[in-house]
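Reading through the structure tokens given below for one structure.
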Amino acid sequence: MKGPGLDDSLQLEVHDLEVQVLTGIYSEETHLPQPLRISLTVDLDCPPHFAPDTPLGASKNYLDLKHAATRALPEGVHFTLIEGVADHIAETLLLQDRRVRRVAVKIVKLAIAEQGESIGITLVRHRR
């Protein structure tokens with residue numbers, strides 16, 4: 001069914017957070033945290049209009065995204081794959097707010113870049 005506003009969307013974005021995370025499968029990776037560059041794009045239910053005095057509750061605080069990729073990662077837990085890190089972040093955001101429809105988590109492994117290239121993954125989760 002189509003109608004006014006049904007195709008509207010709101011994407012919140014936080015990009016290029018550098019986070020130290022215990023991750024990796026090789027012996028040289030498993031004892032020390034690795035630097036990861038994490039970027040998030042979150043699709044939210046979109047209200048029909050944002051007036052100049054619309055309160056924050058009509059959207060989502062960007063710091064919630066940042067915290068999901070930093071403080072919400074369990075300290076001392078080793079993630080074998082960066083896919084596990086991305087999944088943890090996505091699930092945190094989906095559980096945090098029912099208005100979240102889709103989460104895309106991009107992770108670049110900074111330690112393996114030799115000439116500034118970006119090597120990593122993007123995981124996309126949708127609310128089911």
Unique residue being surrounded by 11 or more Cβ atoms within 10 Å (Cβ to Cβ) and either of a type in the set (Ser, Thr, Tyr) or touching a Lys or Arg at 6+ places or on another chain (Cβ under 8 Å) (or both) when the list is LEU36, LEU65: LEU36
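Go over the candidates VAL42, VAL100, VAL77 one by one and state the one that is within 22 Å of LEU22 (Cβ to Cβ) and either under 10 Å from the mean Cα position of the chain (by Cα) or β-branched (Val, Ile, Thr) (or both). I'd like the intermediate steps shown before the answer.
Working: VAL42 fails: within 22 Å of LEU22 (Cβ to Cβ); VAL100 fails: within 22 Å of LEU22 (Cβ to Cβ).
Step by step, each of VAL42, VAL100, VAL77 is checked, and only VAL77 is within 22 Å of LEU22 (Cβ to Cβ) and either under 10 Å from the mean Cα position of the chain (by Cα) or β-branched (Val, Ile, Thr) (or both).
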Check on ASP43, surrounded by 13 or more Cβ atoms within 10 Å (Cβ to Cβ), assigned to a strand (DSSP E or B) and out of contact with any Cys (no Cβ under 6 Å at 6 or more places or on another chain): yes
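Table: residues versus (1) modelled with pLDDT under 95; (2) open to solvent by less than 30 Å² (accessible area, probe 1.4 Å).
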site	(1), (2)
PRO74	yes, no
ILE89	no, yes
ARG99	yes, no
ARG102	no, no
GLY120	no, no
HIS126	no, no
Any hit, region 104-115, residues being open to solvent by 90 Å² or more (accessible area, probe 1.4 Å), part of a strand (DSSP E or B), modelled with pLDDT of 95 or more and over 15 Å from LEU10 (Cβ atoms): yes
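Take the residues in region 20-40 that are in a loop (DSSP other than H, G, I, E, B) and either on the phi < 0 side of the Ramachandran plot or among the aromatic types (Phe, Trp, Tyr) (or both); name whichever of them is modelled with the lowest pLDDT.
THR30
The values are calculated or read from the model by the stated rules, or taken from the named source; none is laboratory data. What you see is a predicted model, and the numbers here were worked out from it, not measured in a lab. With ideal geometry, Cβ positions are generated from the backbone for all residues, glycine too; neighbour counts draw on all protein chains shown. These accessible areas exclude ligands, DNA and RNA; they are computed on the full protein's heavy atoms, side chains included. Shrake-Rupley method; radii C 1.70, N 1.55, O 1.52, S 1.80 Å.
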